[in-house]
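Notes to accompany the following structure.
The values are calculated or read from the model by the stated rules, or taken from the named source; none is laboratory data. Nothing here was measured: the structure is a model prediction, and the numbers come from that model. Every residue, glycine among them, receives a Cβ derived from its backbone with ideal geometry; neighbour counts consider all protein chains shown.
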Amino acid sequence: MPWQRAIERSYRPGVYTYNVTSVADLPATLLKGDSPPHGAGAWACRGTHCLPRIDALPELVRTLV
């Protein structure tokens, strides 16, 4: 949740955040890979193309600019 709040602090009209950690039956299209061994991870996607998992919030923020 801290990552999601950090991303939502800035106006980003084309950015959607989803916290899927507690979703039991996640649709296959949202399965992007394993979760990180500790902390949080994010996948930045544009259309149907997703970047590799991002494990650092500063990197994610730079990616979304």
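Things worth noting here:
- Residue match in segment 39-57 (condition: part of a loop (DSSP other than H, G, I, E, B), of a type in the set (A, V, I, L, M) and exposed (fewer than 10 other Cβ atoms within 10 Å of the Cβ)): no
- Qualifying residue in segment 2-22 (condition: loosely packed, with under 10 Cβ neighbours inside 10 Å, at pLDDT 85 or above and under 10 Å from the mean Cα position of the chain (by Cα)): yes
- Lone unmet requirement of (1) outside any loop (DSSP other than H, G, I, E, B); (2) out of contact with any helix residue (DSSP H, G or I) (no Cβ under 8 Å at 6 or more places or on another chain) for GLY14: (1)
- Test: residue in segment 19-27 that is touching a residue at least 40 places away in the same chain (Cβ under 8 Å) and in a loop (DSSP other than H, G, I, E, B): no
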